[in-house]
Each structure stands twice: as structure tokens, then as C-alpha cells.
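These notes are about the structure you will find just below.
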Amino acid sequence: MIRNISALDANKIYTYADYLTWQVQEQLELIRGRLFKMSPAPLRYHQELSSALHREFSSYLKRKSCKVFHAPFDVRLPKSQEQQNDEQIYTVVQPDIVVVCDLSKLDRRGCIGAPDLIIEILSPSTAAKDVKNKFALYEESGVREYWIVIPSEAILEIFKLDEQGKYQLDNMYTRDDTVKVSIFDDFSIDLSDVFEEENVC
């Protein structure tokens, strides 16, 4: 049982089975077996954006079959359907917002398999990971939509999988825009209700 993060070897390849034995205060993610520390407690504006987005999705999904979750919420991304044992899973992440429509992917520990939509709100210390590492990971795993929120600029970038399974930039949106959530037929979000404050990082 590991209780101190300093006891973990940053160069070692870990599995989800290892992850379950850690009882450390810091929030951690595994990406292809590599250990990543999450940022310290998010800034207030980050939390406000997360709450606003979760509220929009939660309100829309009430009494519908899809579900929305916010961090901390473990999403395990196995390499294949045949490699879903804890010892075979090398990736577990905690996105800011997750939408899951295939409820068979949900269990008591979180989600196993690709959610339909993931939102990451960039923090200075994790921006490179979210834009590069997680972008490639979510694309490879088949997450249909990946939203990247840039708080300092009040910008939302939306990437969608094309027929070849590659992300294409659908559009960039600002505070003045209304964005249609394309995985649903009748759901749009007025971003002025999300980016309520100006010039806050």
C-alpha cells in the first residue's frame, strides 16, 4: 500500500491494478502506463466553468438515458475489449466533464471504455498534457467529441472524429456564441451562460 507519491517511480510502467493500491493525497492519472500528477486544486474560475458546463448537461440529460459526470471520476481506457482486467489496463484519466451514453460502460469505479464526449478545461500546469497527450489518447480510444476550454481566452474548441477515426477541428467558439452539442439532436448551449466572467484566468 503506497501512501506517499515520492515512493512511486515516474519512469515505471504502471497498471490500473497498481493505481488502486495507492492511497496518496495527490490526484494522479495514468496515460499508457506513465504516471502524471494532476494540477493542484483548480483556480476558482476553472471550477465555475466546470460547474456551469455540468449544470447545462445535467439539466438537458435529466430523465434521458445518457449520464454526465465531473471530476474526480475515473475513466479507464483499455487497449481492446479483450484487455479489460485491472492488470491489463494502462490508462486511467479524470477528465473535467464526461458524457456516457452506453451505460454498460459504467460500473461502481467509474467508466470503462470511451465516453461519447469529454471536456477538459485547461490549467497552466496541465495544458500541454490535455492538448497533446490526451488529444491523441481520446482520438485513439474513439471518444466522439473532445471539447477543450481555454479559460483565459473564453474560447471553446470542439474536435470531432471523422470517418477515419481522426479528430478534425469542428469550430472555435467564444462567449458570444451558441454551440450545438452534435451528439444530441436538440441540445445547444449559450456560452454566455458558461463564460460569465471576463478577464479571469
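The values are calculated or read from the model by the stated rules, or taken from the named source; none is laboratory data. Everything quoted here is computed from the prediction, not taken from an experiment. Glycine also receives a Cβ, built like all others from the backbone with ideal geometry; neighbour counts cover every protein chain displayed.
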- Give me a count of the residues in region 4-19 that are of a type outside the set (Phe, Trp, Tyr) and outside any loop (DSSP other than H, G, I, E, B). 5
- Residue list for region 74-83, restricted to those being farther than 18 Å from ILE13 by Cβ and part of a loop (DSSP other than H, G, I, E, B): ASP74, GLN81, GLU82
- Message: Would you confirm whether or not region 40-57 contains a residue that is in a loop (DSSP other than H, G, I, E, B), at pLDDT 95 or above and either surrounded by 16 or more Cβ atoms within 10 Å (Cβ to Cβ) or at positive phi (or both)?
- Response: no
- Just for region 122-149: of the residues that are at pLDDT 95 or above and of a type in the set (Val, Ile, Thr), which one is farthest from LYS180 (Cα to Cα)? VAL143
- For LYS64, the lone unmet condition from (1) surrounded by 17 or more Cβ atoms within 10 Å (Cβ to Cβ); (2) of a type outside the set (Gly, Ala, Ser); (3) not in a helix (DSSP H, G or I) is (1)
